[in-house]
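The values are calculated or read from the model by the stated rules, or taken from the named source; none is laboratory data. Note that the coordinates shown come from a computational prediction; the quantities given were computed from them, not determined experimentally. Using ideal geometry, Cβ is built from the backbone for each residue, glycine included, and neighbour counts are taken over all protein chains shown.
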Amino acid sequence: MAQGIRKVGIIGAGQMGNGIAHVCALAEFSVLLNDIAPDRIKDALATINGNMARQVAKKIITEDQRKAALARIESAEKIGDLADCDLVIESAVEKEDIKRKIFSALCPVLKPDAIIATNTSSISITRLAAATDRPERFIGIHFMNPVPLMELVELIRGIVTGDPTFEASKEFVARLGKTIAVSEDFPAFIVNRILLPMINEAIYTLYEGVGTVESIDIAMRLGAHHPMGPLELADFIGLDTCLSVMQVLYEGLADSKYRPCPLLVKYVEAGWLGRKTKRGFYDYRGEKPVPTR
């Protein structure tokens with residue numbers, strides 16, 4: 001057992017949070033799922049149930065494993081419910097002030113030896129750790145989306161993260177059946193440092209009229225063998241998330257090559273955030289997605 005990690009708390013029951021709960025429960029950890037909106041916890045449990053049912057249909061897991069895993073996930077409506085967790089993973093929105101508020105509410109209720117992890121995709125681990133009472137027991141455990149399908153987890157130490165925390169986190173991720181890539185604590189880490197500027201460049205390619213939405217996506221799918229075109233992928237990730245990662249890169253590295261494309265900013269201002277709002281670079285309101293430009 002990962003250095004005494006038996007019970008895992010997850011803060012944020014959105015797309016990432018429910019995916020993390022899913023893989024933790026299948027790996028036989030007890031899971032407490034917390035969110036400020038109790039309805040979101042209900043929705044997350046329904047999503048996990050549906051996703052596990054699909055895994056049963058594909059013979060990835062058995063029906064018994066599904067039932068046992070679902071029984072391991074409990075709803076935690078109050079932050080105080082996470083008091084006896086060995087590890088708490090914060091998976092809230094990608095906004096530093098919100099994450100800091102969560103940590104200041106969480107730290108007083110946690111037992112002293114509990115580890116706090118963040119699933120941030122871009123924010124400084126060292127800076128977030130400094131907002132807690134246990135920076136040496138704080139680490140970045142960045143899952144990829146969708147969590148049940150993606151094999152990689154980025155592990156990011158802050159400047160203060162202790163060896164026992166790092167080792168326990170490595171063991172925990174290994175038990176989930178995921179592969180680890182260790183990243184230094186630089187803006188956006190490894191995957192997003194490479195992926196998001198590519199997506200941003202695809203948006204510039206559209207903005208400058210080099211190609212249409214369809215031609216850009218087909219070019220990268222068939223010309224570079226990417227499973228999804230960059231604009232389709234941006235819609236899947238969420239254009240607000242893409243923009244916030246680009247802003248972190250631009251501010252953190254002060255290099256003009258990371259400047260968010262004005263068209264990306266416009267779409268976010270319009271509330272066209274991709275699949276989750278039914279409109280982004282594609283319109284998802286009909287039977288099949290239609291390019292919006």
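What's the number of the condition Leu33 fails, among (1) of a type outside the set (Ser, Thr, Tyr); (2) farther than 23 Å from Pro164 by Cα; (3) not in a strand (DSSP E or B)?
Of everything listed in (1) of a type outside the set (Ser, Thr, Tyr); (2) farther than 23 Å from Pro164 by Cα; (3) not in a strand (DSSP E or B), Leu33 misses just condition (3).
Going through Val153, Val182 one at a time, which residue ends up being crowded, with 17+ Cβ neighbours inside 10 Å and either without any contact (Cβ under 8 Å) to a residue 40 or more places away in the chain or in contact with a strand residue (DSSP E or B) (Cβ under 6 Å, 6 or more places away or on another chain) (or both)? Please lay out each step first, then the result.
Numbers: Val182 fails: crowded, with 17+ Cβ neighbours inside 10 Å.
The match here is Val153.
Show me the helices (runs of 4 or more DSSP H) found entirely inside segment 199-293 where at least 3 residues are among the hydrophobic types (A, V, I, L, M, F, W, C), farther than 26 Å from Asn119 by Cβ and at pLDDT 95 or above.
Result: 213-223.
Output the number of the condition that Thr161 fails; it satisfies all remaining conditions of (1) crowded, with 22+ Cβ neighbours inside 10 Å; (2) in a loop (DSSP other than H, G, I, E, B); (3) out of contact with any Phe, Trp or Tyr (no Cβ under 7 Å at 6 or more places or on another chain); (4) at pLDDT 95 or above.
That leaves (3) as the condition not met.
Just checking, does segment 209-226 include any residue being without any contact (Cβ under 8 Å) to a residue 24 or more places away in the chain, farther than 22 Å from Asp86 by Cα and among the charged types (D, E, K, R)?
yes
In segment 58-67, is there at least one residue being out of contact with any helix residue (DSSP H, G or I) (no Cβ under 9 Å at 6 or more places or on another chain) and within 24 Å of Ala117 (Cα to Cα)?
No, the conditions are met nowhere in segment 58-67.
Which of the residues that make up segment 74-99 are touching a strand residue (DSSP E or B) at 6+ places or on another chain (Cβ under 7 Å) and within 17 Å of His142 (Cα to Cα)?
Hits for segment 74-99 are Leu87, Val88, Ile89, Glu90, Ser91, Ala92, Lys99.
Hey, among the residues in segment 245-259 that are buried (at least 21 other Cβ atoms within 10 Å of the Cβ) and either closer than 20 Å to Asp97 by Cβ or in the same structural domain as Met16 (by TED's automatic domain parsing) (or both), which one's nearest to the chain's Cα centre (by Cα)?
Val245
Scan (1) outside the structural domain of Val147 (by TED's automatic domain parsing); (2) closer than 30 Å to Val8 by Cβ for the single condition Gly177 breaks and write down its number.
(1)
Tell me whether segment 51-60 contains one or more residues that are crowded, with 17+ Cβ neighbours inside 10 Å, in the same structural domain as Ser121 (by TED's automatic domain parsing) and in contact with a strand residue (DSSP E or B) (Cβ under 9 Å, 6 or more places away or on another chain).
No, because not a single residue in segment 51-60 is crowded, with 17+ Cβ neighbours inside 10 Å, in the same structural domain as Ser121 (by TED's automatic domain parsing) and in contact with a strand residue (DSSP E or B) (Cβ under 9 Å, 6 or more places away or on another chain).
May I ask you to list the residues in segment 94-121 that are among the hydroxyl-bearing types (Ser, Thr, Tyr) and either free of Cβ contacts under 8 Å to residues at least 12 places away in the same chain or over 20 Å from Phe166 (Cβ atoms) (or both)?
Listed by number, the list holds a single entry, Ser104.
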